[in-house]
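Laboratory data are not the source of any read-out in this text; all were calculated from the coordinates shown. Please read all numbers here as calculations on a predicted model, not as lab measurements. FYI the Cβ positions are ideal-geometry reconstructions off the backbone, even for glycines, and counts take in every protein chain you see.
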Amino acid sequence: MPFTYDDSNIFARILRGEIPCDRVAENDHALAFRDIAPKVPVHVLVIPKGNYVSFDDFAANAGEGEIAGFMRLCAEVCAAEGVGLEQGQGFRVISNAGAHGVQEVPHFHLHIMGGAVMGPMIGARG
Ligand code: AMP
C-alpha cells in the first residue's frame, strides 16, 4: 500500500517545523506555501494540518471545521496572490492522488496555479 499515510513525508516535516517553507498563509487547520519548483508564476500548495493522504481521504474523513478552514485558506490564497476572479484572471486547482494521479508527496495538497494561461487539460499518459 504505497499511499497509506507516512508521517516522515516532506510536508509533515514542514508542518513540524523540521524543514522550512516559503509560507503564504496559515490558519488553525491549514498551511499554504510556495511550490519549490513552480510550474507557473503563481504556484502555491495548500495542505491540511491533519494527516490525510489524498483528496478523497480528506473529503471523506476530515471534520467540518478542518474542511471549512482548509477551503477558506484556499480562498485567501487566491485573493492574496491576485488570481481570484475578483482580483485577477483566474487559476487552476489540481490535486494528484495515488499512482495514476502521479502523486509525489503522500500528504493531501492542492496546487493553486495561476499568473498565466494554463492551456488545455492534461491528457493521460500512454
Ligand atoms: P504532487 O505530490 O505530485 O502533487 O507534487 C508535489 C509537489 O511538491 C511538487 O510540485 C514539488 O515541486 C513540491 N515540493 C516538493 N518538496 C517541496 C518543498 N520542500 N517545498 C515546497 N514544495 C515542494
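Observations, loosely collected:
- Net charge of neighbours whose Cβ lies under 11 Å from the Cβ of Ser8, counting Lys and Arg as +1 and Asp and Glu as -1: -1
- Averaging over all projection directions, the Cα-based convex hull of the chain occupies 8.3 nm² in the image plane.
- Taking each DSSP H run with n ≥ 4 as -39500 (n - 2.57) and averaging over every residue of the chain yields -7500 deg cm²/dmol at 222 nm.
- For the chain, the relative contact order works out to 30 percent when only alpha carbon pairs closer than 8 Å and six or more residues apart are counted.
- In a DSSP loop and with at most 11 other Cβ atoms within 10 Å, the GluC sites (Glu not before Pro) in the stretch 1-75 are Glu18.
- Multiplying the residue separation of His100 and Arg34 by 0.36 nm and removing their Cα-Cα distance gives an extension gain of 21.3 nm.
- Span from the the stretch 68-121 Cα centroid across to the the stretch 27-53 one, whole angstrom: 9 Å
- Around the amide H of Leu31, modelled in the peptide plane, lie the amide H atoms of Ile47, Lys49, all under 5 Å away and 5 or more residues distant in sequence or on another chain.
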